Amino acid sequence: MAHWLMKSEPSVWSWSQQVEAGPAGTYWNGVRNHQAKQHLMAMKEGETAFFYHSNEERAVVGIVEIIRTFYPDPSDETGKFGMVDVRAKAPLPKPVSLAAIKAEPRLAKMALVTNSRLSVQPVTDAEWEIVCGMGGC
DNA sequence: GCCAACGTTGGC
DNA sequence: GCCAACGTTGGC
């Protein structure tokens with residue numbers, strides 16, 4: 001089972017909004033980058049992703065579950081991009097900050113560190129375990 | 001608020 | 001098809 005990391009600016013779409021959306025979940029739209037699209041297309045139902053707050057907060061704050069695989073994004077008039085549906089699964093008891101991730105040598109290869117602008121990223125099993133350990137989940 | 005990194009666009 | 005110009009993202 002693959003793992004992922006999805007970034008959002010809290011002022012645009014925050015973890016608390018994701019939690020409020022409840023078990024029905026919401027669509028994750030607005031991705032307009034081909035690399036990110038490839039990752040969205042590779043996601044399978046039931047897989048999990050870290051929910052990362054960029055900009056103001058810069059921390060992994062929760063875990064979401066993919067509940068619907070890739071389908072067209074109606075807000076994209078070119079018809080090229082799509083989205084998946086996700087729902088909040090669990091918060092991280094201790095949010096893991098970007099600084100903490102950068103301070104952990106075993107996480108030096110994370111896409112979050114090496115390609116910070118990519119909004120949807122794959123996370124290896126090893127990285128997932130380490131971040132989970134740091135976050136208390 | 002600044003700036004580096006990256007992606008996209010458009011002129012040639 | 002190349003590359004300069006521009007816009008956007010996101011860390012600091």
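The values are calculated or read from the model by the stated rules, or taken from the named source; none is laboratory data. Predicted, not measured: the structure shown is a model, and the values here were computed from it. Counting neighbours? That spans all protein chains shown, and the Cβs are built from the backbone with ideal geometry, glycine included. Accessible surface areas use protein heavy atoms only, side chains included; no ligands, DNA or RNA. Shrake-Rupley method; radii C 1.70, N 1.55, O 1.52, S 1.80 Å.
Would you check which residues across region A:41-64 are open to solvent by less than 40 Å² (accessible area, probe 1.4 Å) and more than 14 Å from DNA strand C (Cβ to nearest atom) and list them? Walk me through how you get there before you give the answer.
Going through region A:41-64, the residues open to solvent by less than 40 Å² (accessible area, probe 1.4 Å) turn out to be A:43, A:46-54, A:59-64.
Of everything in region A:41-64, those that are open to solvent by less than 40 Å² (accessible area, probe 1.4 Å) and more than 14 Å from DNA strand C (Cβ to nearest atom) turn out to be A:43, A:46, A:47, A:48, A:49, A:62, A:63, A:64.
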Inset, instruction - Quick one: in region A:68-91, of everything that is under 14 Å from the mean Cα position of the chain (by Cα) and open to solvent by less than 40 Å² (accessible area, probe 1.4 Å), which residue is nearest to residue A:29 (Cα to Cα)? - result: A:83
Legend entry - Residue that is over 20 Å from residue A:101 (Cα atoms) and open to solvent by less than 30 Å² (accessible area, probe 1.4 Å), where the choices are A:13, A:28: A:28
Inset, instruction - Return yes or no: is residue A:103 without any contact (Cβ under 8 Å) to a residue 24 or more places away in the chain, surrounded by fewer than 17 Cβ atoms within 10 Å (Cβ to Cβ), aliphatic (A, V, I, L, M) and closer than 20 Å to residue A:133 by Cβ? - result: yes
Legend entry - Pairs where the first residue, in region A:116-136, is over 24 Å from residue A:10 (Cα atoms) and the second is modelled with pLDDT under 95 and surrounded by 13 or more Cβ atoms within 10 Å (Cβ to Cβ), C-beta under 8 Å, 6+ apart: none
Legend entry - The one condition in (1) without any contact (Cβ under 8 Å) to a residue 24 or more places away in the chain; (2) assigned to a loop (DSSP other than H, G, I, E, B) that residue A:57 fails to fulfil: (1)
Legend entry - Residue pairs meeting the criteria (Cβ under 8 Å; at least 6 apart or on separate chains; first without any contact (Cβ under 8 Å) to a residue 24 or more places away in the chain and in a strand (DSSP E or B), in region A:1-15; second among the basic types (Lys, Arg) and open to solvent by 30 Å² or more (accessible area, probe 1.4 Å)): none
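Against the definition (touching a helix residue (DSSP H, G or I) at 6+ places or on another chain (Cβ under 8 Å) and more than 16 Å from DNA strand C (Cβ to nearest atom)), how does residue A:88 come out, yes or no? Step through it out loud before you land on a result.
Working: touching a helix residue (DSSP H, G or I) at 6+ places or on another chain (Cβ under 8 Å): yes; more than 16 Å from DNA strand C (Cβ to nearest atom): yes.
Yes.
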Inset, instruction - Answer yes or no: is there a residue in region A:38-50 that is farther than 23 Å from residue A:107 by Cβ, of a type in the set (D, E, K, R) and within 13 Å of DNA strand B (Cβ to nearest atom). - result: no
Legend entry - Filter result for residue A:94 (open to solvent by 80 Å² or more (accessible area, probe 1.4 Å) and within 15 Å of residue A:37 (Cα to Cα)): no
Inset, instruction - Starting from region A:24-40, keep only residues that are closer than 21 Å to residue A:14 by Cβ, then list their pairs with residues that are in a helix (DSSP H, G or I) and of a type in the set (A, V, I, L, M, F, W, C) whose Cβ atoms are within a distance under 9 Å, requiring at least 6 positions of separation or different chains. - result: A:28/A:40; A:31/A:40
Inset, instruction - Within region A:85-126, work out how many residues are farther than 18 Å from residue A:65 by Cβ and assigned to a helix (DSSP H, G or I). - result: 14
